[in-house]
Amino acid sequence: FFFFVRFERRRILPNEPCRGVLVSIQSSRRPEMSHPAHRLGVLERHLAGTSSAEKATISEHQTSSGVRTVSVAVLGASGGIGQPLSLLIKSSPTLAACVSTLKLYDVAPTAGVAADLSHIDTLMEVEHYSGDAQLPQCLKGTDIVIIPAGIPRKPGMTRDDLFKINAGIVSNLAENIAKHCPTAWTLIISNPVNSTVPIASEVMRKYNVPGFERRLFGVTTLDVVRANTFVQQHIGGHGGRGNVNVTVVGGHAGITIQPLLSTVPSFNWNRRPTAGEQAALVQRIQEAGTEVVQAKNGAGSATLSMAFAAVRFLSRCIDARLGESVVECAYVNWNGGRGFEFEGDRVAFFAGPVRLGTDGIVSSIEDWKRGLSDAERAGLRGALKQLKGEIEKGRLFSTSQK
Amino acid sequence: EFEHNILISNMFAATMNSSCTPCRQTTSNANRACRNSKPTTIARYAGFKSVGAVEFAGSKIASRKTTAASASRTACATATVAGFKVALLGAAGGIGQPLALLLKMNPMIENLAVYDLADVTPGVAADLSHINTPCKVTAHKGPEQLGAALAGADLVVIPAGIPRKPGMTRDDLFNINAGIVKSLVEGVAANCPNAIVNIISNPVNSTVPIAAEVMKKAGCYDPRKIMGVTTLDIVRANTFVAEASGLNVADVNVPVIGGHAGTTILPLLSQATPSVTVADPAAMTTRIQNAGTEVVEAKAGAGSATLSMAYAAARMAESVLLAKSGEKNVVECTYVESNLVEGLPFFSSKVVLGPEGVAEFLPLGELNELEMAGMDEMRDLLTKNIEAGITFANS
């Protein structure tokens, strides 16, 4: 997916300052289909080049009749990912059309970030909450919770080394979500995702949150974004066609990340990569996170690209919540709790393409299993072995928290 | 603009399948065009979509410039980018990082040079390089690499410098930031003298005259090209005025003139569109003037506005690049060398941007009593700020 920043000129009279309005974190895949209101204008716009559609969108939003909006809470909003993520949400008019309130929460102060963002000229309320005591207030009435909270990796650390600290953080946040906004969608970024999602799952189960399996996601979109980028780089500027969208399955750490190059249709490639090239691409995608940790040399892990990927996934979740049928890769309770099976192995949690609807996951998609290459089968085998251990680690942490 | 780049992957195949007219690939595009289609001349993005009653006769949206590289691609290539190079000086900082993210997402930018002194600079570039947009990111750490960062740049954006702490005025930053801007603009003069320069580093009232003097000394000063970014004041004015008047902020446009510090910020509430009656214009003016300080206080020592500044700077960069690619009627308020007000050689006002930077100054228009008083009040301060800059540059 290409996500572009678009500043739209809105001009009322000649020679007035054309107020650029950052149009959207706009996916080129879905020009204006993102929001029901925008569908009005797609064809009109192609034909007439006018913006009557925008006018309709804006007035619909103003009257707020029939256009549903959601509230979004960012837990960890003052952090390295939280700040650019909040910026991308607040500055997008497409999201402003469907997000009524952006709630910023962190254990650190959030008043400054909120004041900063509140000056941006889009129609989205910004609220701030800081400290554990304010968390319930923040979560009440929230529709979608996105969690970048936690400590980042330093060189030499694996995502697992973060486990103890981030496990506790996610466990606490999940408990509050279960208590104060049990119907919200929960999008977890905090690493190690392979374990923190099972932890959150156990917490929700403990609090008997009905149907939570449908609404709990580990955000693996950055792996998809990286896969798309590296594949596109491999294809280069000549001959390869169109936007690349790679299906990435498995998990969100090291060899559990399984980018399926077999899902890239042939017309995207100028020439199919050799087995060696494919293996190199897969390895690069798997180690991309570590690449950034090394490059930052102690100053953190990927923040800007993570914010980008997270807002892509968040906006697709909002689309789904508001009625569109969406397919995205995410790390979830697979197949309604039945788990993912492959060559005799079974895991309860798995990352893969899922269909989303208004109430969360509609179905887990497995048709890509049929087209796997031998290398991909081997990769998936290895991924499942590691994933099992990481899921179990999360589950044990949760049960030990009683 | 990328409507023809509809994703056609087997996983995301749309329910509505038709075939693209020229190449018979399955496409979900209602126009029966697939990613193989050449871009149309009506560039849908970044276009002038006039909302409201007024249509502009002849305001045809120019097609975007394509570089030789993209022209040589096959018809079925990936996204055609307008192909500008932007150098971001100070990219590892509080404003620089989110700004770099927004620029990386801008489809008009083909190359983004990320420059800073900080150790984390290569890390920021590596981070950004994973984002799947066509813009290529290069990292440049340290003064030895400034030349490479600037070579061939069409636009240079400078957020470099230290931010305010509570109790500081923008002037307190002066000595440090003045030196930073001076050396960076010397680099611009040496490496990309024809580039447009957007200066964010405070105090803008002084750093822009410094930049002008540096370019003059190097013999390559083009007053159309050295601009101070005051867009954040407009953004803030829009937000506060919309809030106060109950209008949709997306429709509100408030011009802000003068400078970019305290009382030199003069919002023209009387010229706001649509016209608004603000209950207490003096209080509103003060709020807009102190908005920056509001954030410095709220951050309690953790810095000044970063995210909203990145947003505003990205908007300004986009306006500049739009104008560079031939779009007409791109209007922004910006702080440049100006003859508009006697006695003030640098002044922020509405300008029409063109391929070489500032193309035309729009008249200030009618100022009401309060605004005239504001003009009188700021003159001395702004003159002082400008002189401080010029003196520093010549010392």
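Just so you know, all these numbers are worked out from the coordinates, no wet-lab data involved. Please read these numbers as outputs of a predicted model, since none were measured by experiment. Glycine also receives a Cβ, built like all others from the backbone with ideal geometry; neighbour counts cover every protein chain displayed.
For residue B:180, the conditions (1) away from every other protein chain (no Cβ under 14 Å); (2) touching a Ser or Thr at 6+ places or on another chain (Cβ under 8 Å); (3) buried (at least 24 other Cβ atoms within 10 Å of the Cβ) are fulfilled apart from (3). Report yes if some residue within the stretch A:139-148 is within 23 Å of residue B:308 (Cβ to Cβ), aliphatic (A, V, I, L, M) and either assigned to a loop (DSSP other than H, G, I, E, B) or within 12 Å of another protein chain (Cβ to nearest Cβ) (or both); otherwise report no. No, because not a single residue in the stretch A:139-148 is within 23 Å of residue B:308 (Cβ to Cβ), aliphatic (A, V, I, L, M) and either assigned to a loop (DSSP other than H, G, I, E, B) or within 12 Å of another protein chain (Cβ to nearest Cβ) (or both). Scoring residue B:100 on the criteria (1) among the small types (Gly, Ala, Ser); (2) surrounded by 24 or more Cβ atoms within 10 Å (Cβ to Cβ); (3) part of a loop (DSSP other than H, G, I, E, B) leaves a single failure, condition (3).
Just to be sure I understand, how many residues within the stretch B:370-382 are acidic (Asp, Glu) and either surrounded by 16 or more Cβ atoms within 10 Å (Cβ to Cβ) or farther than 18 Å from residue B:343 by Cα (or both)? Of the residues in the stretch B:370-382, 1 are acidic (Asp, Glu) and either surrounded by 16 or more Cβ atoms within 10 Å (Cβ to Cβ) or farther than 18 Å from residue B:343 by Cα (or both).
Return the residue satisfying two criteria in turn: it lies in the stretch A:257-276 and is in a helix (DSSP H, G or I) and touching a Ser or Thr at 6+ places or on another chain (Cβ under 6 Å), and of such residues it is surrounded by the fewest Cβ atoms within 10 Å (Cβ to Cβ). Even if it seems obvious, please write down each step before you answer.
Filtering the stretch A:257-276 for residues in a helix (DSSP H, G or I) gives A:261-263, A:266-268, A:275-276.
Among the residues that remain, those that are also touching a Ser or Thr at 6+ places or on another chain (Cβ under 6 Å) are: A:262-263.
Working: A:262: 16, A:263: 21.
Residue satisfying both the conditions and the ranking: A:262.
So for the stretch B:275-298 (the condition being free of Cβ contacts under 8 Å to residues at least 24 places away in the same chain, assigned to a helix (DSSP H, G or I), within 8 Å of chain A (Cβ to nearest Cβ) and surrounded by 24 or more Cβ atoms within 10 Å (Cβ to Cβ)), does at least one residue qualify? Looking for residues that are free of Cβ contacts under 8 Å to residues at least 24 places away in the same chain, assigned to a helix (DSSP H, G or I), within 8 Å of chain A (Cβ to nearest Cβ) and surrounded by 24 or more Cβ atoms within 10 Å (Cβ to Cβ), one finds at least one in the stretch B:275-298, hence yes.
Going through (1) in contact (Cβ under 8 Å) with a residue 12 or more places away in the chain; (2) touching a helix residue (DSSP H, G or I) at 6+ places or on another chain (Cβ under 9 Å); (3) more than 21 Å from residue A:385 (Cβ to Cβ); (4) outside any strand (DSSP E or B) one by one, residue A:328 falls short only on (4). Residue count for the stretch A:168-210, restricted to those that are within 20 Å of the chain's Cα centre (by Cα) and either surrounded by fewer than 18 Cβ atoms within 10 Å (Cβ to Cβ) or of a type in the set (S, T, N, Q) (or both): 10. Could you please let me know if residue B:367 is surrounded by fewer than 17 Cβ atoms within 10 Å (Cβ to Cβ) and assigned to a loop (DSSP other than H, G, I, E, B)? Judged against the criteria, residue B:367 is a match.
Exactly one residue out of A:123, A:102 is surrounded by 22 or more Cβ atoms within 10 Å (Cβ to Cβ) and either within 19 Å of the chain's Cα centre (by Cα) or within 14 Å of another protein chain (Cβ to nearest Cβ) (or both): that is A:102.
Among the listed residues B:319, B:304, which satisfies the condition of being at the interface with chain A (Cβ under 8 Å from one of its Cβ atoms) and either outside any helix (DSSP H, G or I) or among the polar types (S, T, N, Q) (or both)?
Details: B:304 fails: at the interface with chain A (Cβ under 8 Å from one of its Cβ atoms).
After ruling out the rest, the residue left standing is B:319.
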